[in-house]
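Worksheet for the structure shown next.
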Amino acid sequence: MSMAELVETEAAPRRTKRWRGRLLPYLLSLPALLVCIAILVPFVTAAIYSLQRYRLNLPYLRGFIGVDNYIDFLSDPAFWNTLRISLVYTAVTVIAELLLGLGIALLLRRPTRFHNAVSIALLLPLMTAPAIAALMWKLMTNPSFGILSYLVGLFGAHDFKWASDPSTALFTVVLVDVWVYTPFIMILLLAGLRSLPRQPFEAAALDGVPASFVFFRITLPMLAPYIITASLFRLLDSIQQFDIVYAMTQGGPGDRLMVFQVQAYLEFFQYTNVGRSAALLMILWLITNILSNIFIKNWLRLRARAHGHA
């Protein structure tokens, strides 16, 4: 074998390894690229539809109308009602679940066998599909034969209408949401509590610091990043809630619980107005984007303060 052939033989494996090294980053990023495409295609499609007059029952009227769908919402009382109800529903559910989740996490913060067993048992509602949970609660709150209606009747409330009454519909749906999703916040905060350093609490115990001071000045500040993270997840989910609200009330009674997702669903499937439905979803995306940015900025600020950079 000549010297040139020997050099060529030794260089071939090196070229192969070099090409493999160049292709590896692209192969590793391929799943993320596919997920990005799967997200962007529907998003761009919805954005295009939102700029069109597009009704399924009147296809010959389809055409580009710019931002007219968005402008129409500004003078539509139904849109402002949807915005108000969505924000109220989100605020009430997130606050209630955060307080309950934090309280339960504080009770179960010691990693004993009993506490671990209880925390696992409390996760059972989270394993139930929201639509199934809503239907189950709809049966339990039936005024004629529901077990909850019977129990409430024992305390004198014999005509409690639950989700069928505009004055109690929001309370009923929030109750179901809290039952399903409080375990999610509980498990996140419980993980945060058990990961906190023990030295500050041991020093406070030795100095005889009151429990209220420890909670508000040590526990809560150290737990704040976990609270913000849990609140962000629940906020993004609550403002887009569809399963529980639609399964329980279909947005009613009347328009009492006409949240964004239910309104967009009805615009598409009941009124066949694709353009208006897409515009509603784009507005919902804008609201969630603004709220998530606020939460993320606060989370970054708290993290910087914890590391001594703020």
Report summary line: Taking a crude spin-label model, label points 7 Å out from Cα along the C-beta direction, the ARG109 to ARG62 distance in nm is 5.8
Query - Calculated FRET efficiency for the pair GLN270/PHE213, C-beta based, R₀ 51 Å, to 0.05 - result: 0.35
Report summary line: Dividing the mean separation of Cα pairs under 8 Å (6+ apart) by the residue count of the range 109-247 yields a relative contact order in percent of 29
Query raised in the report: Want the number for PHE155 to ILE296: 0.36 nm per residue separation, take away the alpha-carbon distance, what's left?
Result: 46.3 nm
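Take each of the peptides 67-76, 185-194, 128-137, average the number of other beta-carbon atoms within 10 Å over its residues, and list them starting from the highest.
Top of the packing list down: 185-194, 128-137, 67-76.
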Query raised in the report: Contour minus end-to-end for ALA38 and VAL88, with contour as 0.36 nm per residue of separation and end-to-end as the Cα-Cα distance?
Result: 14.9 nm
Report task. Quick one: which residues, 5 or more positions from LEU257 or on another chain, have an amide H under 5 Å from its amide H? H modelled 1.01 Å from N in the peptide plane, none for Pro or chain starts. Result -> GLY252
Query raised in the report: Over the chain, what is the mean sequence separation of C-alpha contacts under 8 Å (at least six apart), divided by residue count, expressed as relative contact order in percent?
Result: 25
Query - the range 205-263 and the range 152-203: distance between their alpha carbon centers, rounded to Å - result: 9
Query raised in the report: When ranked by the protection proxy of mean other Cβ atoms within 10 Å per residue, highest first, what sequence do the peptides 267-274, 24-31 form?
Result: 267-274, 24-31
Report task. Please report, to one decimal in angstroms, the Kirkwood hydrodynamic radius of the range 134-247 built from all distinct Cα-Cα pairs. Result -> 17.2
Requested in this report: Let me have the relative contact order for the range 32-182, percent, based on Cα pairs under 8 Å that are six or more residues apart.
Outcome: 17
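Values in this text are rule-based calculations from the coordinates and carry no lab data. Since the structure is predicted, the reported quantities are computational estimates derived from the model, not experimental observations. Using ideal geometry, Cβ is built from the backbone for each residue, glycine included, and neighbour counts are taken over all protein chains shown.
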